[in-house]
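Visitor: The structure that follows is given in the form of structure tokens.
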Amino acid sequence: MGRQEATFWYAMKVFYNRAPLVQEEFMGMHFDTYLPTMIVEKEVNGQTEHFERPIIASLLFVKCPERFLIDYKREHGDYMLYYTEAGTGKPGKIDNDQMENFRLATSIENPDIMYLGPDDGTLSEGDKVIVTDGLYKGRIGYIKRIKHARRFLVKIDGIAVVAISHIHPQYLKKYEPETGS
């Protein structure tokens, strides 16, 4: 039997509205993908209809071997790129815990999720908190005031940040990572 290559999460920027098509290609090759979307209401011909749209335009996450991602970009580089590790040019691996935290936070239906743009590293100020109850129980993030309201921020370092409102302060406590003995 051949040796299996290690897979990691990576973030891709896919242009020209091709993110769903690229997602299908990766899924067809049995790689895990995540395209953060939300349901929006729109009135069409006097009827309220619901549509799924990306929370973050053009952003697709894929879990695959690094070599595969590099080869894929070589073949499809005219409409996609991958986020890189600072200073190396290599695809930037996303920590599994960070990806899972981001994925769970953005998959819950919440009209108050706000995409804040790329994470520029300035949103890590203050204490790290964990949600102790409610829809976001177990999510780890940061608190920041945005437009005079307190928001709970969930991020993937160097890739994206989303802000969620309406988490009662009693459900937030300072996060203390467990130390293994």
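Visitor: Just to verify a result, which residue in region 21-45, among those that are under 23 Å from residue 161 (Cβ atoms) and open to solvent by 30 Å² or more (accessible area, probe 1.4 Å), is nearest to the chain's Cα centre (by Cα)?
Guide: 37
Visitor: Does residue 91 satisfy the condition of being farther than 27 Å from residue 178 by Cβ, buried (at least 18 other Cβ atoms within 10 Å of the Cβ), touching a residue at least 40 places away in the same chain (Cβ under 8 Å) and of a type outside the set (Phe, Trp, Tyr)? Walk me through how you get there before you give the answer.
Guide: On the way: farther than 27 Å from residue 178 by Cβ: yes; buried (at least 18 other Cβ atoms within 10 Å of the Cβ): yes; touching a residue at least 40 places away in the same chain (Cβ under 8 Å): yes; of a type outside the set (Phe, Trp, Tyr): yes.
It is true that residue 91 is farther than 27 Å from residue 178 by Cβ, buried (at least 18 other Cβ atoms within 10 Å of the Cβ), touching a residue at least 40 places away in the same chain (Cβ under 8 Å) and of a type outside the set (Phe, Trp, Tyr).
Residues checked against (1) crowded, with 22+ Cβ neighbours inside 10 Å; (2) not basic (Lys, Arg):
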| position | (1), (2) |
| --- | --- |
| 142 | no, yes |
| 145 | no, no |
| 152 | yes, yes |
| 156 | yes, yes |
| 160 | yes, yes |
| 163 | yes, yes |
| 170 | no, yes |
| 173 | no, no |
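Visitor: Further question: Please identify the pairs in which a residue from region 22-41 that is touching a residue at least 60 places away in the same chain (Cβ under 8 Å) has its Cβ atom under 9 Å from the Cβ atom of a residue that is assigned to a loop (DSSP other than H, G, I, E, B) and acidic (Asp, Glu), counting only partners at least 6 apart or on another chain.
Guide: 38/109; 39/109
Visitor: Among the strands (runs of 3 or more DSSP E) contained in region 1-51, which hold 2 or more residues that are within 15 Å of residue 69 (Cβ to Cβ)?
Guide: Counting at least 2 such residues, we get 8-14, 32-34.
Visitor: Moving to a separate point now. Of all residues in region 77-87, how many are more than 13 Å from residue 18 (Cβ to Cβ) and open to solvent by 50 Å² or more (accessible area, probe 1.4 Å)?
Guide: Looking only at region 77-87, we keep the residues that are more than 13 Å from residue 18 (Cβ to Cβ), and these are 82-87.
After this cut, where a residue has to be open to solvent by 50 Å² or more (accessible area, probe 1.4 Å) as well, the list is 83-87.
Number satisfying all stated conditions: 5.
Visitor: Another question about this same structure. Got a number for residues in region 52-76 being assigned to a strand (DSSP E or B) and either of a type in the set (Phe, Trp, Tyr) or open to solvent by 30 Å² or more (accessible area, probe 1.4 Å) (or both)?
Guide: The qualifying residues number 5.
The values are calculated or read from the model by the stated rules, or taken from the named source; none is laboratory data. Worth saying up front: this structure is predicted, and the values here are computed from it rather than measured. All Cβ positions, glycine included, derive from the backbone under ideal geometry; neighbour counts span all protein chains shown. Note: areas computed on protein heavy atoms with side chains; ligands, DNA, RNA excluded. Shrake-Rupley method; radii C 1.70, N 1.55, O 1.52, S 1.80 Å.
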